[in-house]
Amino acid sequence: MPELPEVEVVRAGLARHVTGRTVTRVEVLDPRPLRRQDGGAQAFVNRLTGRTVTAAVRRGKFLWLPLDDGHALSAHLGMSGQLLVRGTASATGAGPGPESASAAAFLADPGARPGGRPVDLSATVQPRYVRDLSISPRHLRVRIHLSTCTSTDISAGGGQSVPGPGSGAVLDLVDQRMLGGLHVVELVPTADGAPGGAGSPEPLLPADATHIARDLLDPALQRTGPGGVVARVRASKRAIKTLLLDQGLVSGIGNIYADEGLWEAGVHGLRPGSALGPRVVARILRSTAEVMARALQAGGTSFDALYVDVEGAAGFFARELRAYGRQGLECRRCGAAMAREVLAGRSHTYCPRCQTRPRRPVRSQPTPRAPR
Ligand SMILES: [Zn+2]
């Protein structure tokens with residue numbers, strides 16, 4: 001599951017290559033990723049066609065593209081979803097700027113196939129993230145044709161050619177395992193009046209994402225400080241790791257960064273929130289935010305088998321991990337063998353010396369009611 005840093009990499013790519021473009025045509029090759037759409041695939045096409053993308057916004061792992069009519073295209077990447085762009089000419093029409101230089105350079109690659117290669121949005125950070133879509137055309141589910149600012153219509157059906165600078169683009173949803181999806185949803189005001197998320201100053205967020213808490217890298221949360229999150233953690237008897245994964249309490253953290261943050265802070269994931277002091281909770285949140293910020297610098301972490309197969313390499317940040325996936329290996333702080341256990345259905349990897357396991361761990365599952 002992509003976590004905050006991975007989704008942010010995609011958001012930044014969308015902001016550079018899709019913002020300012022108008023949807024000229026939508027091709028639905030498979031309606032299943034549109035299952036969350038009110039009204040189904042036809043409603044999706046009708047609501048999207050003719051609309052201009054005004055920004056790319058993220059809160060936690062949630063990603064949306066605000067449109068010019070008060071709605072947004074909401075994207076869930078799931079475990080296997082990818083958003084790919086073909087034809088990443090500058091949306092300003094002024095030719096590729098420095099930010100799109102890597103994608104433009106890639107498109108100019110003389111070794112490119114005659115059919116043209118898609119640009120994975122991650123490629124805007126590191127060119128070697130680029131994947132060859134043509135090996136799995138059956139996994140293309142939805143293709144969104146985008147104009148230049150002057151609404152030039154292009155046909156990229158079947159990947160005939162890579163459009164040059166100043167021409168249109170297509171945004172593809174490619175999903176092998178059908179766990180991702182797209183839908184158009186209304187934007188509603190945020191409860192606190194602060195921007196909905198990273199990428200736009202507008203105090204709006206999708207109507208179906210209002211239960212998602214702000215993430216640790218959100219400037220609005222950094223401005224108010226983590227006090228509210230700390231208080232809610234300390235008011236709960238649930239395990240700290242379960243609390244970190246609760247997107248309604250603090251968003252964007254998945255299994256990888258929860259394990260990393262707890263290792264950095266030296267706290268076992270089974271400790272109940274109510275047993276932790278305020279400074280300890282603040283330290284865990286700070287550690288987790290720092291790990292995610294470092295992963296973001298490195299372009300995110302990926303353990304996806306699909307990704308590894310196609311690229312022949314794991315994500316940039318994978319080798320930097322101190323806890324996740326390191327069971328049996330030496331703790332990078334004290335040398336003890338890292339241990340792993342299952343907590344509320346998720347693995348938890350920790351150092352038994354640096355992260356003392358509580359004697360009487362909190363129950364990670366609801367207690368079954370005794371028969372009468
Ligand atoms: Zn240790």
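Looking at the stretch 41-81 only, could you name the residues that are in contact with a Pro (Cβ under 7 Å, 6 or more places away or on another chain) and more than 24 Å from Pro5 (Cα to Cα)?
Within the stretch 41-81, Ala41 is the sole residue that qualifies.
Within the stretch 302-323, does at least one residue satisfy the condition of being within 16 Å of the ligand (Cβ to nearest atom), crowded, with 17+ Cβ neighbours inside 10 Å and at pLDDT 95 or above?
No, because not a single residue in the stretch 302-323 is within 16 Å of the ligand (Cβ to nearest atom), crowded, with 17+ Cβ neighbours inside 10 Å and at pLDDT 95 or above.
Name every residue in the stretch 24-57 that is part of a strand (DSSP E or B) and under 18 Å from Leu140 (Cα atoms), in order of residue number. Before you say what the answer is, go through the steps one by one.
First, the residues of the stretch 24-57 that are part of a strand (DSSP E or B): 24-28, 52-53, 57.
Listed by number, the residues that qualify are Arg25, Val26, Glu27, Val28.
Which numbered condition in (1) more than 16 Å from the ligand (Cβ to nearest atom); (2) of a type outside the set (Phe, Trp, Tyr); (3) modelled with pLDDT of 70 or more is the only one that Gly299 fails?
So Gly299 meets the others, but not (3).
Among the residues of the stretch 105-119, is there at least one that is at pLDDT below 95, acidic (Asp, Glu), over 15 Å from Leu182 (Cβ atoms) and touching a strand residue (DSSP E or B) at 6+ places or on another chain (Cβ under 8 Å)?
Of the stretch 105-119, the ones at pLDDT below 95 are 105-119.
Narrowing further to those that are acidic (Asp, Glu): 109.
Those left that are additionally over 15 Å from Leu182 (Cβ atoms): 109.
Then drop every residue that is not touching a strand residue (DSSP E or B) at 6+ places or on another chain (Cβ under 8 Å), which leaves none.
So far as the stretch 105-119 goes, no, none of its residues is at pLDDT below 95, acidic (Asp, Glu), over 15 Å from Leu182 (Cβ atoms) and touching a strand residue (DSSP E or B) at 6+ places or on another chain (Cβ under 8 Å).
Can you confirm whether Val280 is crowded, with 16+ Cβ neighbours inside 10 Å and part of a loop (DSSP other than H, G, I, E, B)? Steps first, please.
Values: crowded, with 16+ Cβ neighbours inside 10 Å: yes; part of a loop (DSSP other than H, G, I, E, B): no.
For Val280, the condition - crowded, with 16+ Cβ neighbours inside 10 Å and part of a loop (DSSP other than H, G, I, E, B) - is not met.
Each row is one residue, and each column tells you yes or no for (1) at pLDDT 95 or above; (2) touching a helix residue (DSSP H, G or I) at 6+ places or on another chain (Cβ under 7 Å).
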position	(1), (2)
Ala207	yes, no
Ala231	yes, no
Ile240	yes, yes
Leu245	yes, yes
Ile256	no, no
Leu262	yes, yes
Leu285	yes, yes
Val291	no, yes
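The values are calculated or read from the model by the stated rules, or taken from the named source; none is laboratory data. Just so we're clear, the structure is a prediction, and the values are computed from it rather than from any experiment. No Cβ is skipped: glycine too gets one built from the backbone with ideal geometry, and neighbour counts run over all protein chains shown.
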